[in-house]
Amino acid sequence: MTTPTIELKPSAHPLSEAERQKILAAPGFGRHFTDHMVTIKWTEGRGWHDGQLVPYGPLSLDPATNVLHYAQEIFEGLKAYRQPDGSVAMFRPDANARRFQASARRLAMPELPVETFIEACDVLVEQDKDWVPAHGGEESLYLRPFMIATEVGLGVKPANEYLFVVIASPAGAYFAGGVRPVSIWLSENRVRAVPGGMGDAKTGGNYAASLLAQAEAAVHGCDQVAYLDAVEHKWVEELGGMNLYFVYEDAANGTTRIVTPTLTGSLLAGVTRDSLLSVARDLGYASQEARVSIDQWRADTGNGTLTEVFACGTAAVITPVGTVKSAGGEWTQSGGEPGKVTLRLREALLDIQRGIAEDTHGWMHRLG
Ligand SMILES: *Cc1c(COP(=O)(O)O)cnc(C)c1O
């Protein structure tokens, strides 16, 4: 299949420099969008076609559009960072492109070629590069590629028409006032995903399934939900938008090991999670994937071998876990403070993304 070229139809009325700067002074997350978007269509028999860069704006959908009823939708999230020389680079867009293909397969949607995914991101960031925040801080331009079923009709089947879209949103530092640990509610009655389900696909349906548990976490005074496996309610999976890591320190040997739950099919394979397996080794820590039970989490925290816990994902990069609460009780990680291994990993990964540290893994995709 040939890669469709993306036709440039830029806006005649982009936001003024002054208006843009006002937004960039305090962008928040996902509240403001750049001047443009990229759209590419797919129809059965024809494949991918009609790639366009157009002014950012509403999509017009028939009320019977398939996605509105049966949720055949997938998305991605990745960031572009301003580099020290003023250029712009994206972090591992190829990994997101491949995961987008895996999500598409799970939801019986057509796979967008990796190079088309990257080209669409490139074209949008190139057009809207003035929206990429200045170098130095943790600010970035967040890219949100997504695909929806656009066939009109209420029949339940894989659609014969799809729309791929990329939008971009400037993102401020996740922790405006310094890194702060989050509190976690251990949901023992609600699950996010089941074996054989779509927990390993990045699809809106998984998020819809998580909102009620998230609201329950808030009632218990917690910021985030940690999900356990759906069968035994025993194995720790993820936070529903971030993956988890456990830091083990062997004081006698002076060694550090970071452990993340194994991808069993009901967890999302985070790009940040994957990157940290390597970054940890760069820093001289051991890193591994393993099944971690909730009992082990509690016991190892109690006996002092499990010294820190953190969550990771594109939006926050790394977030320390402070308090863990469940119906059965509550405990605190690393005295409720961000742990030193957590902060070191966070800094190391951010330095690669911001172009301060050398990109030894070939993760940064430069524009132009
Ligand atoms: C996106 C996502 C993550 C984190 O993945 P990253 O690629 O690191 O951003 C974790 N869990 C779920 C359910 C997600 O959707």
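With a Förster radius of 25 Å, plug the Cβ-Cβ distance of A357 and D94 into 1/(1 + (r/R0)^6) and report the FRET value to the nearest 0.05. Computed FRET efficiency for A357 and D94: 0.80. Between K234 and E44, the modelled label-to-label distance comes to 4.5 nm, taking each label 7 Å out from Cα in the direction of the beta carbon.
Distance between the pseudo-spin-label points of R281 and D62 (7 Å out from Cα toward the beta carbon): 5.1 nm. In this structure, the amide hydrogen of V225, modeled 1.01 Å from its nitrogen in the peptide plane, lies closer than 5 angstrom to those of W185, counting only residues at least 5 positions away or on a different chain. Taken one residue at a time, the phi angles of segment 311-323 give Karplus couplings (6.51, -1.76, 1.60, θ = phi - 60°) of 10, 9, x, 4, 5, 9, 6, 9, 10, x, 9, x, 9 Hz. Gly and Pro are set to x. Positive-end ranking of F75, F175, V165 along the dipole of segment 43-188, with charges on Cβ about the Cα centre, is headed by F175.
With each label modelled as a point 7 angstrom along the Cα→C-beta vector, the E337-L212 pair spans 4.1 nm.
Applying the Karplus relation 6.51 cos²θ - 1.76 cosθ + 1.60 with θ = phi - 60° to segment 31-38 yields 3J(HN,Hα) values of 9, 10, 10, 6, 6, 10, 8, 10 Hz, where x marks Gly and Pro. The slack between H13 and V219, meaning 0.36 nm per residue of separation minus the straight C-alpha distance, is 69.7 nm. Excluding ligands, DNA and RNA, the accessible surface per residue across the chain is 42 Å² with a 1.4 Å probe. Accessible surface comparison of K202, K340, K157, probe 1.4 Å, protein chains only, largest first: the order is K340, K157, K202.
Close amide H contacts of R291 (hydrogens built in the peptide plane, cut-off under 5 Å, sequence separation of 5 or more or a different chain): T262. Per residue of the chain, the DSSP helices (runs of n ≥ 4 H) give a summed -39500 (n - 2.57) that works out to -8000 deg cm²/dmol at 222 nm. In degrees between 0 and 90, to the nearest 10, how far off the longest principal axis of the chain does helix 340-353 point, with axes built from Cα atoms? So the helix axis and the longest Cα principal axis differ by about 20 degrees.
For segment 65-184, the spread of Cα coordinates along the three principal axes comes to 50, 37, 21 Å, biggest extent given first. With every protein chain in place and a 1.4 angstrom probe, the accessible-area ranking of I258, I6, largest first, reads I6, I258.
With no solvent and one equal point scatterer per Cα, compute the Debye intensity ratio I(q)/I(0) for the chain at 0.06, 0.15 Å⁻¹ and report its log10, rounded to two decimals. Each listed q corresponds, in turn, to -0.23, -1.39.
Of the GluC sites (Glu not before Pro) in segment 10-118, the ones in a loop by DSSP (not H, G, I, E or B) with at most 16 other beta carbons within 10 Å are E44. Sites listed here are trypsin sites (Lys or Arg not before Pro) in segment 1-85 whose DSSP assignment is loop and whose Cβ has at most 12 other Cβ atoms within 10 Å: R31, R46.
Annotation: extensible slack from R344 through A327 equals 2.9 nm (criterion: 0.36 nm per residue apart, minus Cα-Cα distance). Only protein atoms count toward the accessible area here, which uses a 1.4 Å probe; on the chain, the carbon and sulfur part of that area reaches 53 percent. Principal axis extents of the Cα atoms in segment 256-368, from largest to smallest and rounded to whole angstrom, are 54, 31, 25. Summing charges over neighbours of G240, with a neighbour being any other residue whose Cβ is under 15 Å away from its Cβ, gives -3 when K and R count +1 and D and E count -1. If only the Cβ of Lys and Arg carry +1 and only the Cβ of Asp and Glu carry -1, the dipole of segment 182-353 around its Cα centre is close to 140 debye. For a straight C-alpha distance cut-off of 20 angstrom, the lysines reachable from K325 (same-chain residues fewer than eight places away being disregarded) are K234. In a fully extended conformation the segment linking R291 and T5 would gain 98.5 nm over its present Cα-Cα distance, using 0.36 nm per residue. Counting only lysines at least 8 places from K129 when in the same chain, those with an alpha carbon closer than 28 Å to its own are K9, K22, K41, K79, K202. For segment 182-353, the normalised intensity computed at q = 0.11, 0.18 Å⁻¹ comes to -0.41, -1.17 (log10 of I(q)/I(0), Debye sum over alpha carbons, equal scatterers, no solvent). The HN-Hα couplings worked out from phi for segment 61-70 by the Karplus form 6.51 cos²θ - 1.76 cosθ + 1.60 (θ = phi - 60°) are 10, 5, x, 8, 4, 3, 4, 5, 10, 10 Hz, whole numbers, x standing for Gly and Pro.
With Cα atoms defining each centre, segment 191-214 and segment 50-67 are spaced 25 Å apart in the structure. Overall, the anisotropy analysis places segment 191-243 in the oblate class: the square-rooted eigenvalues a ≥ b ≥ c of its C-alpha gyration tensor yield a/c not less than 1.5, with a/b not exceeding b/c.
The values are calculated or read from the model by the stated rules, or taken from the named source; none is laboratory data. Please read these numbers as outputs of a predicted model, since none were measured by experiment. Here Cβ is always computed from backbone atoms with ideal geometry, including for glycine, and neighbour counts include all displayed protein chains. Side chains included, ligands, DNA and RNA excluded: accessible areas come from the protein's heavy atoms. Shrake-Rupley method; radii C 1.70, N 1.55, O 1.52, S 1.80 Å.
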